[in-house]
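The values are calculated or read from the model by the stated rules, or taken from the named source; none is laboratory data. Since this is a predicted model, take the numbers as computed values, not measurements. A quick note on method: Cβ atoms are made from the backbone with ideal geometry, for glycine too, and the neighbour counts reach across all protein chains shown. The protein model used for the area step is the full one, side chains on, heavy atoms only, and it has no ligands, DNA or RNA in it. Shrake-Rupley method; radii C 1.70, N 1.55, O 1.52, S 1.80 Å.
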Amino acid sequence: MFNKAALIAFSLIAMACGQQVGTLTTETHPALPWQKCTTSGGCVTQSSGKVVLDSNWRWLHSTKDTTNCYTGNTWDATLCPDGTTCAANCALDGADYTGTYGITASGNALTLKFVTSSAQKNIGSRVYLMASDTSYQMFKLLNQEFTFDVDVSNLPCGLNGALYFSQMDADGGLAKYPTNKAGAKYGTGYCDSQCPRDIKFINGVANSDGWAASPSDVNAGTGNYGTCCNEMDIWEANNNAAAFTPHPCTTGAQSRCEGDACGGSDDRYGSVCDPDGCDFNSFRMGDTTFYGEGQTVDTSKKFTVVTQFITDDGTATGTLSEIRRIYVQNGKVIQNSNVNVPGMSSSYNSITEQFCEDQKTVFGDTTSFQDKGGLAGIGKGMETGMVLVLSVWDDHAVNMLWLDSDYPTTADPTAPGVARGTCPTTSGVPTDIESSEPNSSVTYSNIKFGDIGSTFSSTGATTGTGGQTTVPVGTPTTRPVGTTTVPAPAATQTKYGQCGGQGYNGPTVCASGSSCKVSNQYYSQCL
């Protein structure tokens, strides 16, 4: 994911993050139940699920009174002469989720509003799924699938409703860093593959040393330090474009970087993390009619997003070898679009090492993804456990053009990889959309996680709009676009291939070393 700076405009109270705990506002985490699924036992609701607001959005004030430690994009010099003193002097307080931040939870749905005006004006938000009031929920993704419903119909050009995983500490760094007294309960410990330097507290110490105010954002800045970790972008999208992208880091888990080692405009690829990732954006990959209002995946309506993390041996300890994407809308399973880019195979419709190699070559992109560990690298983080992040944000760096428009704007839009969506290159300016689209929002709901093939069902195999064939979940995702029949029967099916399910007429005998396992009525797989 590109820059995810906290974007809050202040009038009466400053929002920031700190490490002591304030007592002026009670911290009550909104409930967000989700479901854990298995092929043998179905789905079980996890009623303990809650969300917590990231500490970068919170009110930071003196431990003695209500004096702000951070106002606008400036630290209080008396309270924060250095990072360690600042951590001792400043307290992080509770949050009014709905009134101040526009965050509302209802049943299994969470809505994040773009702009919320109360005593002060809040812009965007970032929350984490919790296992308890003091710990983040940890997800081990290998050989599993993650599913959620999303409504992006109210999310226009320039905005990003992002759902992703970061390799944060379960307790928000509470145990590792004694000066962090707040922990996961108050949303501390954030990190991502951009090694962001706008995070106000890192490893229990204020990032005030060397702090420079942003020239384009009156509420943000950068300090000497950044915070890095593996990041798996399940979903970065608005109603015009969408992408899913793994970003590996050589360090894996959360770590602090300093100065140029965090990457940035001077040396984007100088950090321990891959800032670009290996992305699959259907528009960028050549199918311009797959995603959008009235398209195969119709963004004017809610739909389901399924992501499968395939390993080389079909186990949770294997090496990540493929990331597959499937959609469900109106009861129909829609396989991901196929690549339509000269120089790349038209059979590609998932992320594999070969897909990434070919994409970087054809697009002329830097091979940072491969250099920082590729799929195997981020797979190690998935095996260890990652935290679910849900957010909505606008982009002060490049106006979100990297997601939904032509980018770089100086490149020929007809060149491979430049066109990423239909939004004009003049769109996405934060001051414009904060004024013209304040009521924009994204709603995430019906989160499920578990065995491959266990998290959703369909009404059967049908052909969706735009000529895209929809087939039962789990069908190997390398069929050419437009094929309207499943493969003809063969003597055996390869390992991890489909071997059964309602409407299936392909091979049912698995290759040596594997056997046909039932996932659901629509899909069985050779494992």
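From the list Ser208, Ser216, which residue is out of contact with any His (no Cβ under 9 Å at 6 or more places or on another chain), open to solvent by 10 Å² or more (accessible area, probe 1.4 Å) and in contact (Cβ under 8 Å) with a residue 40 or more places away in the chain?
Selected residue: Ser208, the only one of Ser208, Ser216 that is out of contact with any His (no Cβ under 9 Å at 6 or more places or on another chain), open to solvent by 10 Å² or more (accessible area, probe 1.4 Å) and in contact (Cβ under 8 Å) with a residue 40 or more places away in the chain.
Across the range 23-51, what is the number of residues that are closer than 27 Å to Pro178 by Cβ and either outside the structural domain of Phe148 (by the TED database) or open to solvent by 10 Å² or more (accessible area, probe 1.4 Å) (or both)?
Qualifying residue count for the region: 8.
I'd like the full set of residues that are of a type outside the set (Val, Ile, Thr), in a loop (DSSP other than H, G, I, E, B) and surrounded by fewer than 20 Cβ atoms within 10 Å (Cβ to Cβ), limited to the range 74-98.
Listed by number, the residues that qualify are Ala77, Pro81, Asp82, Gly94, Asp96.
Given the condition hydrophobic (A, V, I, L, M, F, W, C), within 20 Å of Ala175 (Cβ to Cβ) and buried (at least 24 other Cβ atoms within 10 Å of the Cβ), answer yes or no: does some residue in the range 226-238 qualify?
Yes: the range 226-238 contains one or more residues that are hydrophobic (A, V, I, L, M, F, W, C), within 20 Å of Ala175 (Cβ to Cβ) and buried (at least 24 other Cβ atoms within 10 Å of the Cβ).
Does Met344 meet the test of being surrounded by 24 or more Cβ atoms within 10 Å (Cβ to Cβ) and of a type outside the set (Gly, Ala, Ser)? Don't jump to the end; show me each part of the working.
Numbers: surrounded by 24 or more Cβ atoms within 10 Å (Cβ to Cβ): no; of a type outside the set (Gly, Ala, Ser): yes.
Criteria not met by Met344.
Looking at Arg268, Arg284, can you tell me which residue is assigned by the TED database to the domain that holds Tyr444, farther than 30 Å from Leu527 by Cβ and surrounded by 21 or more Cβ atoms within 10 Å (Cβ to Cβ)?
From the options Arg268, Arg284, the qualifying one is Arg284.
Return the residue satisfying two criteria in turn: it lies in the range 249-274 and is farther than 8 Å from Cys228 by Cβ and hydroxyl-bearing (Ser, Thr, Tyr), and of such residues it is modelled with the lowest pLDDT.
Within the range 249-274, the match that is modelled with the lowest pLDDT is Ser265.
Report, by residue number, each residue of the range 247-303 that is in a loop (DSSP other than H, G, I, E, B), among the hydroxyl-bearing types (Ser, Thr, Tyr) and closer than 24 Å to Arg324 by Cβ.
Within the range 247-303, Ser282, Thr288, Thr289, Thr296, Thr299 qualify.
Out of Asn439, Asn446, I need the residue that is in a loop (DSSP other than H, G, I, E, B) and open to solvent by 40 Å² or more (accessible area, probe 1.4 Å). Which one?
Exactly one of Asn439, Asn446 is in a loop (DSSP other than H, G, I, E, B) and open to solvent by 40 Å² or more (accessible area, probe 1.4 Å), namely Asn439.
May I ask you to say which residue of Tyr136, Tyr177 is surrounded by 24 or more Cβ atoms within 10 Å (Cβ to Cβ) and either out of contact with any Cys (no Cβ under 8 Å at 6 or more places or on another chain) or charged (D, E, K, R) (or both)?
Tyr136
Only one residue in Thr296, Thr245, Thr307, Thr222 is open to solvent by 30 Å² or more (accessible area, probe 1.4 Å), assigned by the TED database to the domain that holds Met386, in contact (Cβ under 8 Å) with a residue 24 or more places away in the chain and not acidic (Asp, Glu), so which one is that?
Sole residue among the options that is open to solvent by 30 Å² or more (accessible area, probe 1.4 Å), assigned by the TED database to the domain that holds Met386, in contact (Cβ under 8 Å) with a residue 24 or more places away in the chain and not acidic (Asp, Glu): Thr222.
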